[in-house]
Amino acid sequence: MDFNVKCGDPEKLRSACVVVGVSAPRRLSAAAERLDKASQGQLGELLKSGDIGTDCGNTTLIHSPRGGIQAKRILVVGCGKDKQLAPKAFIKIARAATAAVENSGAGDALSYLAELEVADRDLAWKARQTVTASRAAVYAFDELKSDAKPAKHPLRRLSVGVSSHEHVDEAQDGVRSGVAIANGIDLARTLGNRPGNRCTPSDLAQQAQDLKKTFSALKVEILEEKDMEKLGMGSLLSVARGSREPAKLIVMQYNGGKKGDKPVVLVGKGVTFDSGGISLKPGAAMDEMKFDMCGAASVFGSVSAVAELKLPINLVGIVPATENLPDGSATKPGDVVTSMSGQTIEVLNTDAEGRLILCDALTYAKKFDPDVVIDIATLTGACVVALGHHALGLLGNDQPLADALLAAGQTACDRAWQLPLWDEYDEALSSNFADMANIGGRSAGTITAACFLGRFTGDYRWAHLDIAGVAWDTGKNKGATGRPVSLLMQYLLDRTAD
Ligand code: BES
Ligand code: MN
Ligand code: ZN
């Protein structure tokens, strides 16, 4: 789907479908008002007769509106009863609108939703969300279906309509960033959705090479197991021992900033399938452990979006990638391994493997002299218990960084919630046989996992995002969400704004 910005009055511009909002009980948005006037009160009549629903996200398609309107159809979208929309409601409305147009037969549409009033959000935000919500509405993972049929009348172009010339630039800005971010989100979703046999560590390494082909500004380096051995990454390699697929450490560099600018480093957990290893998981829903590389997927998505937008920042994406499987040579509970940092780890549970690969990647990150390091990982089931599927868990050693990420999550409607990273929790990691164990006790599992990681961050500023509850949906709509690409991109965009 292509996106652009059009300037003009909604009744005067030609399109297959013009999209406007109405609120309860009978409040027309400015664009709806103009269409109502031009059609001699058609919208008002339909509202009065109850044919137009005003509940948030409700859609009503009007074919062949009365004379005076250049569009072939009008899609009226309900906006609920609030005068000012909540940001989340706007996204819901934009998504519902595109889903409805996609099924309407219209090949192009002109949407005036970005002119609705949204609390604390500017036009650029609304234009951007119109794009990302629309792309989410039409996303499908059907590359493995033999009978995948493309939509009969796909929506090929969506124009963001603005009434005044003064607003064109800002809307265009939003559309441009929206397209790049939507591409990043789609990439993250697609990588997440691919099953373990089609998304191995080698496949992820190939993905990095493919990204480099698309964006020549990227530098890509793949470290093989022998390279990791040389670096002393005994912890990462201990997870890979049970797998026949070789582990990869994928490094992507984008230098859009000034030479001396310290980079942002994103580290993504890339366990392409997590069976638990010798501490084998129960069978129920084990298929979902193909999503255990969604942290890595969000790094790929963000690197792609940053490169597409040519953001003036320096960025490094690091993805430790491996499977976690049981085997005769797999790491056993009680084994002690030596990490790249030199610290020894007693592996009491081979299912706590994410931290074992991340710790070596976090040590490796020092070599880039980072401004900040953010790791993203489907790390703990405990995070799902604590926060459910709405907020991701955020922990870290630098409050200004944590605050910036919390704010970015709010702005992008990809929200995070902070948990404490206090020394008291760290004590749970003590071991009789090594410098630390890889698990704490039963309580505060998300925090003790972060405490473990915190032992490898040295003195750089660091935040950890536990996305176990938000990276994918389960049930009928099972599939990767692409979170938290939106949060990360908002954070990076915010950085370029100061
Ligand atoms: N990938 C899982 C975490 C996970 C589980 C995410 C379920 C989403 C849904 C991780 O590797 C894991 O197995 N963690 C263990 C840690 C425990 C052994 C301390 C967990 O959460 O049970
Ligand atoms: Mn595990
Ligand atoms: Zn895992």
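The values are calculated or read from the model by the stated rules, or taken from the named source; none is laboratory data. Owing to the predicted nature of the structure, the values given are computational and were not obtained by experimental measurement. We place every Cβ from the backbone using ideal geometry, glycine too, and count neighbours over all the protein chains shown. SASA here: full protein model, heavy atoms, side chains in, ligands and nucleic acids out. Shrake-Rupley method; radii C 1.70, N 1.55, O 1.52, S 1.80 Å.
What the table shows:
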| quantity | calculated |
| --- | --- |
| Vicinal HN-Hα couplings computed from phi for region 12-20 (Karplus, 6.51 cos²θ - 1.76 cosθ + 1.60; Hz; Gly/Pro x) | 9, 7, 7, 6, 6, 7, 9, 10, 9 |
| Distance from region 259-311 to region 342-376 (C-alpha centre basis), Å | 13 |
| For region 368-498: rounded, prolate or oblate by the Cα gyration tensor [a/c cutoff 1.5] | oblate |
| Partners for K83 among aspartates and glutamates (Cα-Cα distance below 17 Å; same-chain residues under 8 apart left out) | E33, D55, E115, E117, D120, D122 |
| Average Cα contact separation per residue, region 110-199, under 8 Å, 6 or more apart, as relative contact order % | 46 |
| Global geometry of region 288-346, whether rounded, prolate or oblate, following the gyration tensor of its Cα atoms and the 1.5 cut on a/c | oblate |
| Ranking by accessible area, most exposed first, for K281, K332, K476, K366 with a 1.4 Å probe | K476, K332, K366, K281 |
| Residue-level accessible surface for L493, protein heavy atoms, 1.4 Å, Å² | 30 |
| Among the listed pairs K212/K332; K126/K219; K152/K478; K212/K476; K269/K366, those beyond 27 Å (Cα-Cα) | K212/K332; K126/K219; K212/K476 |
| Protection proxy ranking of 134-146, 401-413 - average other beta-carbon atoms within 10 Å, highest first | 401-413, 134-146 |
| Rg(Cα) / (2.2 N^0.38 Å) computed for the chain, rounded to two decimals | 1.05 |
| Protection-proxy order for peptides 36-48, 480-492, each taking the mean of Cβ atoms within 10 Å per residue, highest first | 480-492, 36-48 |
| Rel. contact order, % - alpha carbon contacts under 8 angstrom, at least six apart, the chain | 13 |
| Given charges at Cβ of Lys, Arg, Asp, Glu: the chain dipole, positive-most of T272, I62, A171 | I62 |
| Overall Cα dimensions of region 2-162, principal axis frame, Å, largest first | 48, 36, 30 |
| Global form of region 167-310, assessed from the alpha-carbon gyration tensor, a/c cut-off 1.5 | oblate |
| Sum of -39500 (n - 2.57) over DSSP H runs of 4+, divided by residues of the chain (222 nm, nearest 500) | -11000 deg cm²/dmol |
